[in-house]
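Each remark here refers to the structure printed beneath this line.
The values are calculated or read from the model by the stated rules, or taken from the named source; none is laboratory data. In this text, all values refer to a predicted model and were calculated from it rather than measured experimentally. Reconstructed Cβ throughout: ideal geometry from the backbone, glycine too, with neighbour counts over all protein chains shown. SASA here: full protein model, heavy atoms, side chains in, ligands and nucleic acids out. Shrake-Rupley method; radii C 1.70, N 1.55, O 1.52, S 1.80 Å.
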Amino acid sequence: MHPSAHLLASAPDQLLPARELMAFTLASHIILVPLGVALPLITLVMHYRGLRHNDATALLLARRWSAVMAVQFAVGVVTGTVLSFEFGLLWPGMMGRWGDVFGIGFGVEAWAFFLEAVLIAIYLYGWRRLKPRTHFLLGLPLPAAALLGAFGILAANSWMNTPRGFSLDARGNPTDVNIWKAIFTPMFGPQYWHFVVAMLLTAGYMVAGVYAVGRLKGRRDRYHRLGFTVPFTIAAVATPVQFVLGDSIARSVFHKQPVKFAAMEVVWKTDTRVPEYLFGRLHSDGSVSGGIKIPLLDSFLAGFSPDTEVVGLTSVPPDQRPTAVQATIAHWAFDIMVLIGSALVLLALWYGLVWLRHRRLPASKWFYLGAACAGPASVVAVECGWIATEVGRQPWIVYQNMRVAEAVTATHSATLWTMFGLVIVVYLFIFGSLLAVLLKLRTRWRLADARSAGRPGDEPEADGPYGPRAAVPAGDGVTPSRGDRP
């Protein structure tokens, strides 16, 4: 029997459903994470612009984005809580043995969630009820709270990739825990900043994409122009920074997790002058089929020299490395992420060059088609980044200390499959409800804008979010509501 087939045959029955359940909930939660981490900052940038320039349009956009932020946060808390429970339910071996070492990260995340919930409530409530400057100042801690939550979860994940801050006793249990070393592991810095900038550019492209679609539909008023320009500019500035950070984290993986790097680049044997494969499939005999082979490039990218030695998968026994299928999955995820990142760099350069030369937005329809696609593409890139990170670490749940099979629950596999089905149904309801609420908000805002635009000399953006609302003429056919002009 081939070693890979032997490993699969010896895996516990619970392993596959536990992995699938965790992967589904994590992939679903990641869709919400960019807005949760970065939308507060983007909203406050727009809010600041509105206050500084006495711009009612900017203030109106900030208020509406704050409503989206609150709805998204509520759903994100639900999906994030499910993930927290799954760590204990699906992987009791890891939490029971290693929880004292890396659990501080989850504690930090929990406090950050609580703090962010309070701050969002204050910020949302403060529109029309607080003085403009006071309201803005009370919103300033929001991005820090969001970054603190990211700090906690990235500290836990980076520890799983490069575990530090403990000693092992005679029975292999961790002792003498050093919390600071457990938090600030060798992979924490590269992972954290790569993640934060990814969230910033993804959220920027997601928000700007809404207004890019409006532009394609002929809505070229100042409201849509400003709604596009601010988040897209933030994302465009972050994109080349992210490209550099991505290169940096790849080198960190090369040095700190060489077997994961070998999986991501489908390198079978340790060697120099290693070629780079764009896509392609790794087989169990070490051959690669399909894809595009570029001679010497992998060694050059890893160490700036074709003579750089790249560690291969065969440098460790089969039970300590990803299977050929897992390596192919990690490789494709990594390549798709890099491909999307390269396309976003070109889009950002297009935007920047037009702005520097003409001091205006690009006029091409193709640019706005690209901008509309950039948001979903960024989410796909984030998903691929996590796939490369988690699948490339296999078979370890704690790198070189505990295998995934050793950590999985003893719950019967049939029960886990049933749980998986129930979670899918619940998540379809949750995300369907989120979409329904967002569409309801959009409809309400369009009605409010249409009502305001019907008044002589009154633009849709003119009714700012501070002070009393403008009176609604009787008989306009629209029932006034407190949320009509957020």
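Out of the residues in the stretch 190-207 that are open to solvent by 30 Å² or more (accessible area, probe 1.4 Å) and more than 16 Å from Glu383 (Cα to Cα), state the one that is modelled with the highest pLDDT.
Trp193
If you scan the stretch 355-400, which residues turn out to be aromatic (Phe, Trp, Tyr) and either closer than 25 Å to Pro34 by Cα or part of a helix (DSSP H, G or I) (or both)?
Trp355, Trp366, Phe367, Tyr368, Trp386
Taking the stretch 210-227 on its own, how many of its residues are more than 20 Å from Val68 (Cα to Cα) and either among the hydrophobic types (A, V, I, L, M, F, W, C) or touching a Lys or Arg at 6+ places or on another chain (Cβ under 6 Å) (or both)?
Selection size over the stretch 210-227: 1.
Considering only the stretch 245-270, how many residues are surrounded by fewer than 24 Cβ atoms within 10 Å (Cβ to Cβ) and among the acidic types (Asp, Glu)?
Here the count works out to 1.
Taking only the stretch 28-60 into account, find how many residues are part of a helix (DSSP H, G or I) and either acidic (Asp, Glu) or farther than 22 Å from Val379 by Cβ (or both).
Within the stretch 28-60, residues that are part of a helix (DSSP H, G or I) and either acidic (Asp, Glu) or farther than 22 Å from Val379 by Cβ (or both) number 12.
Condition check ((1) open to solvent by less than 30 Å² (accessible area, probe 1.4 Å); (2) within 23 Å of Trp355 (Cα to Cα); (3) among the charged types (D, E, K, R)) across all residues:
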{"residue": "Gly209", "(1), (2), (3)": "yes, yes, no"}
{"residue": "Ala212", "(1), (2), (3)": "yes, yes, no"}
{"residue": "Tyr223", "(1), (2), (3)": "yes, yes, no"}
{"residue": "Gly227", "(1), (2), (3)": "yes, yes, no"}
{"residue": "Pro240", "(1), (2), (3)": "no, yes, no"}
{"residue": "Phe243", "(1), (2), (3)": "no, yes, no"}
{"residue": "Thr272", "(1), (2), (3)": "no, no, no"}
{"residue": "Leu313", "(1), (2), (3)": "yes, no, no"}
{"residue": "Thr323", "(1), (2), (3)": "yes, no, no"}
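Counting just the residues of the stretch 143-156 that are open to solvent by 10 Å² or more (accessible area, probe 1.4 Å) and without any contact (Cβ under 8 Å) to a residue 60 or more places away in the chain, which one comes out farthest from Leu39 (Cα to Cα)?
Ile153
Yes/no matrix, rows are residues, columns are (1) in contact (Cβ under 8 Å) with a residue 60 or more places away in the chain; (2) open to solvent by less than 60 Å² (accessible area, probe 1.4 Å); (3) within 15 Å of Gly189 (Cα to Cα):
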residue	(1), (2), (3)
Ile104	yes, no, no
Ile122	no, no, no
Phe136	yes, yes, no
Pro141	no, yes, no
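Please name all residue pairs, on different chains or six or more residues apart, with Cβ atoms under 9 Å, provided the first residue is in the stretch 270-293 and is in contact (Cβ under 8 Å) with a residue 60 or more places away in the chain and the second residue is open to solvent by 40 Å² or more (accessible area, probe 1.4 Å).
As it stands, the answer is Ser284/His2; Ser284/Pro3; Ser284/Ala5; Ser284/Val325, since those pairs meet every condition given.
Inside the stretch 238-265, can you point out the residues that are in contact with a His (Cβ under 8 Å, 6 or more places away or on another chain) and under 19 Å from Gly341 (Cα atoms)?
Gln242, Leu245, Gly246, Ser248, Ile249, Met264, Glu265
Considering each residue of the stretch 65-86, count those that are within 12 Å of Glu116 (Cβ to Cβ) and either in contact (Cβ under 8 Å) with a residue 40 or more places away in the chain or among the acidic types (Asp, Glu) (or both), and give that number.
The qualifying residues number 7.
Among the residues of the stretch 285-311, write down those that are closer than 21 Å to Thr323 by Cα and surrounded by 14 or more Cβ atoms within 10 Å (Cβ to Cβ).
Gly286, Val288, Gly291, Asp298, Val310, Val311
Where residues in the stretch 38-59 are in contact with a helix residue (DSSP H, G or I) (Cβ under 8 Å, 6 or more places away or on another chain) and open to solvent by 20 Å² or more (accessible area, probe 1.4 Å), which of them is farthest from Ala198 (Cα to Cα)?
It comes out as Ala56.
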